[in-house]
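**Student:** I am attaching a structure below and will ask some questions about it afterwards.
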Amino acid sequence: MSRIGKLPITLPNNTEVTVSNDNVVTVKGPKGSLSTSVDKDIAVKQEDNRIIVERPTEQKRHKAMHGLYRALINNMVVGVSQGYQEKLELVGVGYKASVQNNVLELALGYSHNIFMTLPKEVVANAVTEKGKAPVITLESNDKQLLGQVAAKIRSLRKVEPYKGKGIRFVGEVVRRKAGKTASK
């Protein structure tokens, strides 16, 4: 039995889940609505205030999908009830970030600033405090989309191991390398 798949999903009071005949699960809550298509072999049942995901056989394919779809549905339930948040930190001299009309403007040491249009589901906020690195806060109800946008922003200037400059997640530990002078 899948350890993740067999766990029931408890629904908060302010969310509702509907499962259509063609196995499309829709979750509605105070932060919006999300839906995903579930494989026809996987059964999604709603009992009282819980959602249970079941698989028909012990095939490897069914085992893999059992935990996957349970996790996806749980992420949707948490997203529409609480939402998700990701924080990115810009470490480097002259690195700046600003947000206007859902367009993120980044100054990352390149010859031109980078303008990135964010999806309408993702809300961004850039804060720059004196003496600290600028922090970009991304919020969304879709965990998958939020992670994808955060990874794209991070890929614009990855953290280098010698000085630690670049875009990193807040709290991320960067392994530092010793430079040439350390070998003498």
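**Student:** Rounded to whole Å, give me the distance from the Cα center of the range 1-79 to that of the range 121-160.
**Tutor:** After rounding, the separation between the Cα centres reads 28 Å.
**Student:** Pull up the cross-link candidates among the lysines for Lys165, meaning alpha carbon to alpha carbon under 21 Å and not fewer than 8 places away within one chain.
**Tutor:** Here the lysines satisfying the reach criterion relative to Lys165 are Lys87, Lys96, Lys130, Lys132, Lys152, Lys177, Lys180.
**Student:** What GluC sites (Glu not before Pro) in the range 96-184 are in a loop by DSSP, with at most 13 other Cβ atoms within 10 Å of the Cβ?
**Tutor:** Filter output for the range 96-184: Glu129, Glu172.
**Student:** Follow-up. Which whole-Hz couplings ³J(HN,Hα) result when phi for each residue of the range 126-141 is put into the Karplus expression 6.51 cos²θ - 1.76 cosθ + 1.60, θ = phi - 60°, listed in order with x for Gly and Pro?
**Tutor:** Listing the rounded values in order: 10, 10, 10, 9, 5, x, 10, 6, x, 10, 9, 10, 10, 10, 6, 9 Hz.
**Student:** Also, quick follow-up: Could you pull out every one of the lysines with an alpha carbon less than 19 Å from that of Lys60, ignoring same-chain neighbours closer than 8 positions?
**Tutor:** Partners within reach: Lys6, Lys40.
**Student:** What is the Cα radius of gyration of the chain over 2.2 N^0.38 Å, N being its residue count?
**Tutor:** That ratio works out to 1.32.
**Student:** I've got another one for you. Can you pull the percent of the range 60-184's accessible area that's carbon plus sulfur, 1.4 Å probe, other chains left in place?
**Tutor:** 51 percent
**Student:** Pairs of alpha-carbon atoms within less than 8 angstrom and 6+ residues apart define the contacts here; what relative contact order does the chain have, in percent?
**Tutor:** Once normalised by length, the contact order is 18 percent.
**Student:** Right, another one. How much of the accessible area of the range 2-49, probe 1.4 Å, is carbon plus sulfur, in whole percent?
**Tutor:** 44 percent
**Student:** For a quick check of your reading of the filter: which chymotrypsin sites (Phe, Trp or Tyr not before Pro) in the range 74-163 sit in a DSSP loop and have no more than 10 other Cβ atoms within 10 Å?
**Tutor:** Those that pass, being in a loop and sparsely packed, are Tyr110, Tyr162.
**Student:** Quick one: accessible area per residue over the range 1-153, 1.4 Å probe, rounded to a whole number of Å²? If you can, show how the numbers build up before the last one.
**Tutor:** On the way: 9070 Å² over 153 residues.
Counting only protein heavy atoms, the per-residue value for the range 1-153 is 59 Å².
**Student:** Hey, another quick one. I'd like the accessible area for Asp39: 1.4 Å probe, protein heavy atoms, all chains in place, Å² to the nearest 10.
**Tutor:** Roll a 1.4 Å probe over it and Asp39 shows about 40 Å².
The values are calculated or read from the model by the stated rules, or taken from the named source; none is laboratory data. As the structure is a computational prediction, the values presented were derived from the model and not from experiment. As a convention, Cβ positions derive from the backbone with ideal geometry for all residues, glycine included, and neighbour counts pool all protein chains shown. To get the accessible areas, we keep the full protein, side chains included, count just its heavy atoms, and leave off ligands, DNA and RNA. Shrake-Rupley method; radii C 1.70, N 1.55, O 1.52, S 1.80 Å.
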